[in-house]
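The values are calculated or read from the model by the stated rules, or taken from the named source; none is laboratory data. As the structure is a prediction and not an experimental result, all values here were calculated from the model. No Cβ is skipped: glycine too gets one built from the backbone with ideal geometry, and neighbour counts run over all protein chains shown.
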Amino acid sequence: MSTPPDDDPYRMYLVLRRGAIASQARACELGGAAAVACVRAFAGAEGMAAWRARPGKVCLRARNRSQWEQVLAEPHALAGDPDGEAVAALPPRRRSQRGPVLERLQAMSTALEPLPASAPADPGRVTFVVNPRCPMSSGKIVAQVAHGAVMAADTGELEAWVRAGCPAHVVLPERQAAYDALCARDDLVARVVDAGLTEVPPGTVTVVALAPGARAG
């Protein structure tokens, strides 16, 4: 019996190489850029429209160079330097059809250098702000920021930012009140609401994004 589509959703797979990226902020920045590039490069690919309706992402880790090279042999969009800091985004496919390369990879959960509490307003960078109320694995945070990056790019108002490679600051405020105040702002370019399938309750706002130049305070 075939698996019903609702139980076998399309997923975009984000892959990092173990040890290649030290900081959570950089992993998130590259993950967002790779996801946006993937959406643009594979806009007409089979499954993209269905994925858009339920845009789930899974963050995986290549344990060594051999696994990383196998990932890069798959159709993908890349952000960063393939021999250094980089994230590969593979276009959406059903979970049951992810194939032997992805099946061998582990979920990304490696501890990385923590996110800073703040960052200066930058006219060239979107600022992604992570909810301090929600402890999440490193891979989950990358996926949530990637959701936000795709949403920001989808506004159509940040094409210069997309052309520049989606540069970003990613921060984790020390005070929950500061994050809650951001969620109430009307100038956000993305507001990521989690479906609650893995690490956080459904309806949780995991990440918000401010347009380039906007101040978080």
>> Just to be sure I understand the filter: pairs with C-beta atoms under 6 Å, separated by 6 or more residues or on different chains, first member in the stretch 174-194 and farther than 18 Å from ILE141 by Cβ, second member outside any strand (DSSP E or B) and not hydrophobic (A, V, I, L, M, F, W, C). Which pairs pass?
In response: VAL189/THR155
>> So, VAL145, is that one closer than 28 Å to ARG63 by Cβ, of a type outside the set (Asp, Glu) and in contact (Cβ under 8 Å) with a residue 12 or more places away in the chain or not?
In response: yes
> How do the strands (runs of 3 or more DSSP E) wholly within the stretch 108-217 filter down when requiring 2 or more residues that are at pLDDT 95 or above and closer than 22 Å to SER23 by Cα: which remain?
Replying inline: 126-130, 168-171, 205-210
> Any chance the stretch 47-57 includes a residue that's part of a loop (DSSP other than H, G, I, E, B), at pLDDT below 95 and farther than 22 Å from ALA209 by Cα?
Replying inline: yes
>> Kindly evaluate LEU112 against the criterion of being aliphatic (A, V, I, L, M), in contact (Cβ under 8 Å) with a residue 24 or more places away in the chain and either touching a strand residue (DSSP E or B) at 6+ places or on another chain (Cβ under 8 Å) or within 24 Å of GLY56 (Cβ to Cβ) (or both).
In response: yes
>> For a quick check of your reading of the model, give me the residue pairs whose first member lies in the stretch 33-53 and is surrounded by fewer than 20 Cβ atoms within 10 Å (Cβ to Cβ), whose second is outside any helix (DSSP H, G or I) and of a type in the set (A, V, I, L, M), with beta-carbon atoms closer than 6 Å and at least 6 apart or on different chains.
In response: ALA41/ALA77
